[in-house]
Amino acid sequence: MYTAIMVALTVSLIGTVISFLVAALIKGIFVSIKLRRNMKPKLSQQSGTACIATKL
Amino acid sequence: MPDINILNLFQGIATLVAGDGVIAIARIVLIFTGMALVYLGAKNILEPLLMIPMGFGMASVNAAVLFLSADTMGTIFVDPMVSDPGQLMNMLQIDFLQPIYTLTFSNGLIACFVFMGIGVITEIGYVLANPFSSMVIAIFAELGTVATFPIAVAMGLNYNEAASIAMVGSADGPMVLYTSLMLAKDLFVPITIVAYLYLSLTYGGYPYFIRLLVPKKLRGIQMDLSKIPNVTAGEKIAFSIITCTVLSLLFPVAAPLFLSFFLGVAIKEAGLKHYISFIEGPLLYGSTFFLGLMLGVLCEANTIMNPKILILLVLGIVSLVLSGIGGLIGGYLMYYISKGKFNPVIGIAGVSCVPTTAKVAQKEVTMANPYAIILPYAIGANISGVITSAIIAGIYVTLIPLIK
């Protein structure tokens, strides 16, 4: 019985940790894609400025 | 005039008379239960997609018992216990459902097909929008799958059987089927039947549960839908492939389930319309049909008359009730964390059973406040419930064989 309770606790502990890791992974993917999306216009704007600067 | 015993002409009746009295009574009970399932399915009281083929299978298999030889009785439907390869080759040529059972059922393929279908019809964007709150609820809604395990052991089941019946709390039919096939093959028929019977009752039972545990004032809390960010198809596909790979890496034994579900999600998001229509149509409905029929046919009196069936019936309902309570506790936790802005009813959707529990949650909220919409949040918790159930199934299937 004691072993069964320990197994149940282990399952819930590992399950919780992995579920939160998955949630963190989701958040991470979400944030990185959003960052990339926000960075793109800035980068293209910068390279555009650089092009104009070389022409001058 | 040849001497013909009239009973031998009608072998279904003859086997009733010739066999064990208890089995004969069980056969008659199961025939009427099958008829009742067809009726309840047709009336939409139980899930008709599953219950109508299941009821037909159950009634027919228990009626169609015949003399296979002078001293053995059986049917020409399916033999789930056959393991000898030579005998199996014979059965594949005799029992008309044996090919379906051997090639799709006993290896869990049908569960994976259903899971792929669920993936294709699932909107995963709501999980991506609120991953942590959805996952907190889903973890709490696994209370039944975890707490039932020691209860089952205390009631005399071994670890493999206890883990299989505890998975009923995940409220996910294919998951229970898969886990019991992996861990307790001898009991997978009664466990899966118990699971599907109870799952079809969640639509009727959980609303009373919500009304009992959540006061009307809290049930009517309006969620802020403007906070849900827009998630692109690319983000959903990236999430699917990364999560599938990571979870498969962690739990190779449950990898077929992860692959099926996330592949379904990715196919939907990639807009592969021919695949989508194949998976959500013929594959999902075909698998559900054969799942129902096989479950019914496997309810033969000899197979199902297991002394553990009563224990399984009790543990199945205990597991589902505990998961419901756990889900609502998770909902309350989010309610307190958000300082009263989170509707605790969403907690019930953490008990996966896609999309039934999410629909139940929305229905109860609408009854308390017709203007409150919580469905996107409930679907998020629902999908997280599927993911956490798969994780717990993976842990059980990996961990239990390691315990000496």
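The values are calculated or read from the model by the stated rules, or taken from the named source; none is laboratory data. Only a predicted model underlies this, so the values are computations on that prediction, with no experimental measurement involved. Note that we place each Cβ from the backbone using ideal geometry, even for glycine, and neighbour counts take in every protein chain shown. These accessible areas exclude ligands, DNA and RNA; they are computed on the full protein's heavy atoms, side chains included. Shrake-Rupley method; radii C 1.70, N 1.55, O 1.52, S 1.80 Å.
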So the carbon and sulfur contribution to the accessible area of segment B:244-325, 1.4 Å probe, in percent, is 77
Computed for the protein assembly as shown: size of charge dipole around the Cα centre, +1 on C-beta of each Lys and Arg, -1 on C-beta of each Asp and Glu, debye to nearest 20, value 2580
Of the residues A:5, B:153, B:64, the Cα lying farthest along the dipole of the protein assembly as shown towards its positive end, which is defined by charges on the beta carbon of Lys, Arg, Asp and Glu, belongs to A:5
Chain B accessible area per residue, 1.4 Å probe, protein heavy atoms, integer Å², reads 42
The pairs in B:217/B:359; B:216/B:341; A:34/B:339; B:216/B:339; A:27/B:363; B:268/B:359 lying past 23 Å Cα-Cα in this model are A:34/B:339; A:27/B:363
Note to self: C-alpha centroids of segment B:131-154 and segment B:267-292 sit apart, in Å, by 30
The aspartates and glutamates whose Cα lies under 18 Å from the Cα of residue B:236, excluding any fewer than 8 residues away in the same chain, are B:123, B:269
By the C-alpha gyration tensor axes a ≥ b ≥ c (rounded if a/c is under 1.5, else prolate when a/b exceeds b/c, else oblate), the shape of the protein assembly as shown is prolate
For segment B:31-106, the percent of accessible surface on carbon and sulfur atoms (probe 1.4 angstrom, ligands and nucleic acids excluded) is 69
Ranked output for segments B:158-164, B:180-186 by mean other Cβ atoms within 10 Å, highest leading, reads B:158-164, B:180-186
Dividing the surface of the Cα convex hull of segment B:128-223 by four yields a projected area in nm² of 7.8
Relative contact order as a percentage, chain B, C-alpha pairs under 8 Å and 6+ apart, gives 27
Taking Cα atoms, the helix B:309-337 axis meets the longest principal axis of chain B at an angle in degrees (rounded to 10) of 10
For residue B:314, the accessible surface traced by a 1.4 Å probe with all protein chains present amounts, in square angstrom to the nearest 10, to 70
Output field shielding_mean for B:134-145 (other chain Cβ, 10 Å radius) holds 3
Measuring from the longest principal axis of the C-alpha atoms of chain B, the long axis of helix B:188-213 (C-alpha) lies at a number of degrees, nearest 10, equal to 40
The answer for the net charge of residues other than residue B:88 whose Cβ lies under 14 angstrom from its Cβ, with Lys and Arg +1 and Asp and Glu -1, is -3
Helix B:356-368: inclination vs chain B longest Cα principal axis, degrees, rounded to 10, gives 50
With only helices counted (DSSP H, runs n ≥ 4, each -39500 (n - 2.57)), the per-residue ellipticity at 222 nm for chain B, to the nearest 500, works out to -21500 deg cm²/dmol
Using alpha carbon centers only, segment B:311-349 is separated from segment B:40-65 by a whole-angstrom value of 31
Buried accessible area between A and B, both sides, 1.4 Å probe, in Å² rounded to 100, is 2500
Of the convex hull drawn through the C-alpha atoms of segment B:1-91, the volume per residue in Å³ is 140
With a ≥ b ≥ c from the Cα gyration tensor eigenvalues, square-rooted, and the rule rounded for a/c under 1.5, otherwise prolate when a/b > b/c and oblate otherwise, segment B:259-335 is oblate
